[in-house]
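What follows is a short report on a single structure.
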Amino acid sequence: GCRTVILISGSGSNLQSFIDRLHPDQANIVAVISNRADAFGLQRAARADIATAILSHRDFPDRVSYDQALAELIDSYQPELVILAGFMRILTPGFVARYEGRLLNIHPSLLPKYTGLHTHQRALEAGDSEHGATVHFVTEELDGGPAIMQSHVPVLPDDSVEALAERVRQTEHSLYPLAASLYIKGRLRLIDGRACLDGAPLAPSGL
Ligand code: GAR
């Protein structure tokens, strides 16, 4: 399968969806890397007999040196695809350029709305009637890369941040493996800065 490295910082429920939904003949998850030693996703990986590594950002003086070490660690696994699954770090331009076209992220909003943090709270405060998640190719612009696919959920009356976040996260677990499988089949590519399916550019908001 496609040699895949997954980067996490926390619970790893999206990592779990890759483990559960993609056969190793599709996505061969060769390593899970976390910047936090206490990320529960490391236990999920170990349970699935996937190699794990911890690279703490606290051990590095700045972003550039951390990202350099991270890239060397990633490259030691020779991945064809790098998946950001709740990896809560802003990446340097050099890192992003190195993996251009084979670096995917999922963000919990209907991009271009709500880049950055606290997306669910911001959607609630804005009175939005719908919210969701976006899988996108990673480019230098924070949460700004070309969209591949979006999931949509309703915002319900009296929703809490937690309830809305959980509703969105449930959709992520089918969305992200699906987008990854299209990449693995060679159907999804970044061409001239645009996300393309079977060679044709997707709409700005993706599928
Ligand atoms: C997911 O909801 C993902 O969209 C979000 O973090 C969560 C990770 O959950 N990512 C970001 O906010 C990226 N800026 P998980 O650890 O259970 O997969």
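The values are calculated or read from the model by the stated rules, or taken from the named source; none is laboratory data. Everything quoted here is computed from the prediction, not taken from an experiment. For neighbour counting, all protein chains shown are included, and Cβ atoms are generated from backbone atoms with ideal geometry for every residue, glycine included. SASA here: full protein model, heavy atoms, side chains in, ligands and nucleic acids out. Shrake-Rupley method; radii C 1.70, N 1.55, O 1.52, S 1.80 Å.
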Members of the stretch 41-94 found to be touching a residue at least 40 places away in the same chain (Cβ under 8 Å), within 15 Å of ALA31 (Cβ to Cβ) and in a loop (DSSP other than H, G, I, E, B), listed by number
TYR77, GLN78, PRO79, GLU80, ALA85, PHE87
Taking the stated definitions as given, is PHE60 away from the ligand (no atom under 16 Å from the Cβ), hydrophobic (A, V, I, L, M, F, W, C) and open to solvent by 50 Å² or more (accessible area, probe 1.4 Å)?
yes
Long-range neighbours under 9 Å by Cβ, at least six apart or interchain, first residue more than 14 Å from GLY145 (Cα to Cα) within the stretch 189-207, second part of a loop (DSSP other than H, G, I, E, B) and at pLDDT 95 or above
LEU197/ARG187; ASP198/ARG187; GLY199/ARG187
Inspect the stretch 142-150 for any residue being away from the ligand (no atom under 15 Å from the Cβ), open to solvent by 20 Å² or more (accessible area, probe 1.4 Å) and within 16 Å of the chain's Cα centre (by Cα) and give the result as yes or no.
yes
Being hydrophobic (A, V, I, L, M, F, W, C), under 15 Å from the mean Cα position of the chain (by Cα) and not in a strand (DSSP E or B) is the filter here; which residues of the stretch 1-34 pass it?
LEU15, PHE18, ILE19
Taking the stretch 108-160 and keeping residues among the small types (Gly, Ala, Ser) and farther than 25 Å from GLY193 by Cα leaves ALA123, ALA126, GLY127, SER129, SER160
Residue by residue through the stretch 105-121, note down the ones that are among the hydroxyl-bearing types (Ser, Thr, Tyr) and in a loop (DSSP other than H, G, I, E, B).
SER109, TYR114, THR115
Among the residues of the stretch 165-188, which ones are over 16 Å from the mean Cα position of the chain (by Cα), basic (Lys, Arg) and either within 23 Å of THR115 (Cα to Cα) or open to solvent by less than 50 Å² (accessible area, probe 1.4 Å) (or both)?
ARG167
Could you please find all residues in the stretch 4-19 being within 11 Å of the ligand (Cβ to nearest atom), open to solvent by less than 20 Å² (accessible area, probe 1.4 Å) and of a type outside the set (Gly, Ala, Ser)?
ILE6, LEU7, ILE8, ASN14, LEU15, PHE18
Can you find even one residue in the stretch 33-40 that is among the β-branched types (Val, Ile, Thr) and touching a Ser or Thr at 6+ places or on another chain (Cβ under 8 Å)?
yes
Scanning for something open to solvent by 20 Å² or more (accessible area, probe 1.4 Å), in a strand (DSSP E or B) and within 14 Å of the ligand (Cβ to nearest atom), does the stretch 154-164 turn up at least one residue?
no
Residues being surrounded by fewer than 21 Cβ atoms within 10 Å (Cβ to Cβ) and of a type in the set (A, V, I, L, M, F, W, C) - total across the stretch 20-30:
1
Can you spot a residue in the stretch 142-153 that is in a loop (DSSP other than H, G, I, E, B), over 29 Å from GLN26 (Cβ atoms) and not polar (S, T, N, Q)?
yes
At pLDDT below 95 and buried (at least 17 other Cβ atoms within 10 Å of the Cβ): which single residue out of THR119, THR139 fits that description?
THR139
Since ALA37 meets every condition but one in (1) under 18 Å from the mean Cα position of the chain (by Cα); (2) over 11 Å from ILE6 (Cβ atoms), which condition does it not meet?
(1)
